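Below: the structure, in structure tokens.
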Amino acid sequence: MTLTTKGSLMLLLGVLALVPLLAACTDESGDAEASPDAEETEEPSLRTLDEEEGAAELAERGEEVTLIDVRTPAEHAEGHLVGADLIDWQGADFRDRVDELDRDGSYLLYCRTGNRSGQAARAMVEMGFTDVANIGGFDGLVRAGAEAQR
């Protein structure tokens, strides 16, 4: 059986079409996907908790975590959780301020609704922090029992 030029071209195009599919089965290092039995390495932890869980974790862990309010200074001044440090996610110095923190510490972040604190938490994990949780929004945390200072 001989292949014609047209047949050879079709075969080549078919093989080339499979390359992206095969590449999708490897990770960035080029290794095949890990089997379920493969040993897992410890990855930085980003957790997202609802306000009930966040208030409970804050009450339970208290002094062993750093509580960060990522809202604006004006929002913080209107009321904040007791013990919260203000590091404004929208502030020009956010990354500089966070960079001064211990990357192996434990951090609970909140904002008004959980959106900005989620973004800030992801940024911290990308910066190398290993234990970060987005605990949601201020009002929900207060309703769940977190102590506020107004």
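Return the total of residues in region 132-147 being among the aliphatic types (A, V, I, L, M) and either surrounded by fewer than 14 Cβ atoms within 10 Å (Cβ to Cβ) or not in a strand (DSSP E or B) (or both). Before you say what the answer is, go through the steps one by one.
Applying the first criterion (among the aliphatic types (A, V, I, L, M)) to region 132-147 yields 132-133, 135, 141-142, 144, 146.
Next cut, either surrounded by fewer than 14 Cβ atoms within 10 Å (Cβ to Cβ) or not in a strand (DSSP E or B) (or both) only: 141-142, 144, 146.
Number satisfying all stated conditions: 4.
With respect to ASN115, is the statement that it is touching a Lys or Arg at 6+ places or on another chain (Cβ under 8 Å) and under 19 Å from GLU52 (Cβ atoms) true? Explain how you work it out, then say what you get.
Numbers: touching a Lys or Arg at 6+ places or on another chain (Cβ under 8 Å): no; under 19 Å from GLU52 (Cβ atoms): yes.
When the stated conditions are applied, ASN115 does not pass them.
Would you point out the residue of region 86-131, among those that are loosely packed, with under 14 Cβ neighbours inside 10 Å and acidic (Asp, Glu), that is farthest from THR72 (Cα to Cα)?
ASP104
Restricting to region 35-85, give me the number of residues that are surrounded by fewer than 15 Cβ atoms within 10 Å (Cβ to Cβ), modelled with pLDDT of 95 or more, out of contact with any strand residue (DSSP E or B) (no Cβ under 6 Å at 6 or more places or on another chain) and over 17 Å from ALA133 (Cβ atoms).
So the answer is 4.
State the number of residues belonging to region 109-150 that are closer than 15 Å to GLU57 by Cβ and touching a helix residue (DSSP H, G or I) at 6+ places or on another chain (Cβ under 6 Å).
11
Taking the condition of being assigned to a helix (DSSP H, G or I) and either at pLDDT below 95 or within 17 Å of LEU67 (Cβ to Cβ) (or both), how many residues in region 96-122 meet it?
Here is the first cut: in region 96-122, the residues assigned to a helix (DSSP H, G or I) are 96-99, 115-122.
Cutting the leftovers down to either at pLDDT below 95 or within 17 Å of LEU67 (Cβ to Cβ) (or both) gives us 97-98, 116-118, 120-121.
Qualifying residue count for the region: 7.
Could you give every pair whose Cβ atoms fall below 6 Å, whose first residue belongs to region 64-89 and is over 18 Å from ASP104 (Cβ atoms), and whose second residue is hydrophobic (A, V, I, L, M, F, W, C) and loosely packed, with under 15 Cβ neighbours inside 10 Å, counting only separations of at least 6 or pairs across chains?
Qualifying pairs under 6 Å: GLY79/ALA148; LEU81/ALA148.
For GLY83, work out the one condition from (1) out of contact with any Leu (no Cβ under 7 Å at 6 or more places or on another chain); (2) over 19 Å from VAL125 (Cβ atoms) it doesn't fulfil.
In the conditions (1) out of contact with any Leu (no Cβ under 7 Å at 6 or more places or on another chain); (2) over 19 Å from VAL125 (Cβ atoms), GLY83 misses (1) alone.
Please tell me if GLY140 is in contact with a strand residue (DSSP E or B) (Cβ under 7 Å, 6 or more places away or on another chain) and at pLDDT 95 or above.
Numbers: in contact with a strand residue (DSSP E or B) (Cβ under 7 Å, 6 or more places away or on another chain): no; at pLDDT 95 or above: yes.
So GLY140 does not fit the description; no.
The values are calculated or read from the model by the stated rules, or taken from the named source; none is laboratory data. Quantities reported herein were computed from a predicted structural model and do not represent experimental measurements. Note that we place each Cβ from the backbone using ideal geometry, even for glycine, and neighbour counts take in every protein chain shown.
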